[in-house]
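To keep things clear, I will list the structure first and then write my remarks on it.
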Amino acid sequence: MSKKYSSFQSPKGMHDILPADQPWWERIRKEVKEATEAYNFLRIDTPIVEDASLFKRSIGETTDVVEKEMYAFESRGGDKLALRPEGTAGVVRAYIQNGLAHLGQPLKLYYEGTMFRYERPQAGRYRQHNQVGFEIIGGENDPIYDMQTIIPIYRILEGLKIKNLNIQINSVGCKECRSSYKKKLQNYYKHNLKDVCKDCKRRVNENPLRLLDCKELGCLEIKKKAPSIIDDLCDSCRKHFKGFLEYIEEMGLPYQLNPYLVRGMDYYNRTVFEIYADGFDFALAGGGRYDGLVEMLGGRSTPAVGGGFGAERIVEAMKALNLNMPSKLKPKVFLINIGELAKKKSLNIIDEFIAAGVKVSESLGKNSLSAQLRAADKEGAEQALILGQKEAFKESVIIRDMKSGAQETVPLQKVVAEVKRRI
Ligand code: AMP
């Protein structure tokens, strides 16, 4: 190929999902459909693009997601927009804008969609990824809803045969208890300032909770001895967390307390969680409570909790665990045509089979019998229907058993019933 026409590549960190991988994605979609129906979550779709300030205000100006990873741009009309880096802010914006509170208290919503983050691409970390998220908005500030957000996610992962799951949990408290914890955290990091990265030096004063999100090796080391927020929870947050623990115990789901889990976005309060599977260092799913978000975005004070999983990571986990690739439904029948008249009749014959619920494959552009038989073989069809010039003229068709090679000619009118009898 000449230099001038050198081929395009997808943008760094963004990938095509090729036909060979689609069965994995289909499996996930099927599991999501079943879980959302079983647990009564209603689907919502929001735009991929929102006002950049929506994310700034909700996720937080000094978070990595907003500060370093957001694809923000100005539209031709001068609007400051951003590709969504996550799903919750858009769902809450839609909840307020459309007055969805009247649909139920609480309202259980779910979404599936593409998210964008300008991250350093590596296994399980892409610049474009897909998330499925669950949100329970409104109702009481009850830890049972925290549990009800985790259950469908956990059941989906289980349904996809991802084994040895472990739910890491923590409480990040509320505004009141966090303020005394932040001071302790600041104090601790100020004593260790020389060993943390440039960004963390800044975070100590700007947004101390975000110190615990840092992925730099030196900072991870310092985090190991940082004070834990659990000791600072106020009575009401402690009660909420205790209630949540009772539910997770009752469900018998495997969990582990992780006092340093704070989850990268400022809108979280109280319960936060992440789900891991043995052998993977990245979280498959994560979420938490965000009681202040609806009000912060202009709605009424409304408790809420949500969580989501990343589909790319799930596909990677399924592949790494050597789970059986869901097999594409093989076509039972392959239609072979020879000559113009046969070709003309072929399309109607295929539709008759489809109407009768039989999957037909074909390679209608090919003319030779041998090429079409080879294609039938490659697709693993059980029966081939051969519509030659003579057969097309006489309104008949040959049914060939692809295994034994036995052939029989039947009237075209009866071919659907005859094939159905055989398969
Ligand atoms: P978060 O919005 O950060 O809570 O992420 C929720 C889930 O989305 C994570 O647990 C991951 O499974 C997935 N996820 C987040 N960021 C990425 C990314 N950059 N690439 C792939 N998956 C991601």
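The values are calculated or read from the model by the stated rules, or taken from the named source; none is laboratory data. Quick caveat: nothing in here was measured; it's all calculated off a predicted structure. Reconstructed Cβ throughout: ideal geometry from the backbone, glycine too, with neighbour counts over all protein chains shown. In case anyone asks, the SASA skips ligands and DNA or RNA and just uses the protein heavy atoms, side chains included. Shrake-Rupley method; radii C 1.70, N 1.55, O 1.52, S 1.80 Å.
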Practice problem: Being part of a helix (DSSP H, G or I) and farther than 20 Å from residue 308 by Cβ is the filter; apply it to region 97-113 and report the residue that is modelled with the highest pLDDT. | Solution: 97
Exercise. Kindly indicate which of 265, 251 is closer than 18 Å to residue 65 by Cα, touching a helix residue (DSSP H, G or I) at 6+ places or on another chain (Cβ under 8 Å) and aliphatic (A, V, I, L, M).
Key: 265
Quiz item: Only one of (1) assigned to a helix (DSSP H, G or I); (2) surrounded by fewer than 17 Cβ atoms within 10 Å (Cβ to Cβ) fails for residue 15. Which number is that?
Solution: (1)
Exercise. Would you mind finding the one in 207, 170, 164 that is open to solvent by 80 Å² or more (accessible area, probe 1.4 Å), under 30 Å from the mean Cα position of the chain (by Cα) and touching a residue at least 12 places away in the same chain (Cβ under 8 Å)?
Key: 164
Quiz item: Just wondering, is there one or more residues in region 173-180 that are touching a residue at least 40 places away in the same chain (Cβ under 8 Å), buried (at least 17 other Cβ atoms within 10 Å of the Cβ) and in a helix (DSSP H, G or I)?
Solution: yes
Quiz item: Which of the following residues is out of contact with any Ser or Thr (no Cβ under 9 Å at 6 or more places or on another chain) and surrounded by 15 or more Cβ atoms within 10 Å (Cβ to Cβ): 286, 308?
Solution: 286
Self-check item: In region 181-201, residue most open to solvent (accessible area, probe 1.4 Å) [restricted to those that are among the polar types (S, T, N, Q) and part of a helix (DSSP H, G or I)]
Solution: 187
Quiz item: What is the one condition in (1) among the small types (Gly, Ala, Ser); (2) crowded, with 20+ Cβ neighbours inside 10 Å; (3) away from the ligand (no atom under 16 Å from the Cβ) that residue 139 does not satisfy?
Solution: (2)
Quiz item: For region 257-369, list the helices (runs of 4 or more DSSP H) that sit wholly inside it and hold at least 3 residues that are within 16 Å of the ligand (Cβ to nearest atom), within 28 Å of residue 403 (Cβ to Cβ) and of a type outside the set (Ser, Thr, Tyr); which are they?
Solution: none
Self-check item: Scan of region 1-55 for residues that are basic (Lys, Arg) and either within 16 Å of the ligand (Cβ to nearest atom) or in contact (Cβ under 8 Å) with a residue 24 or more places away in the chain (or both), ordered by number
Solution: 12, 27, 29, 43
Exercise. State whether the residues of region 85-100 include one that is under 18 Å from residue 36 (Cβ atoms), among the hydroxyl-bearing types (Ser, Thr, Tyr), in contact with a Ser or Thr (Cβ under 7 Å, 6 or more places away or on another chain) and crowded, with 17+ Cβ neighbours inside 10 Å.
Key: no
Quiz item: Name the residues in region 244-277 that are at pLDDT below 95 and touching a Lys or Arg at 6+ places or on another chain (Cβ under 7 Å), would you?
Solution: 260
Quiz prompt | Single residue of 176, 135 found to be of a type in the set (D, E, K, R) and more than 29 Å from residue 73 (Cα to Cα) | solution = 176
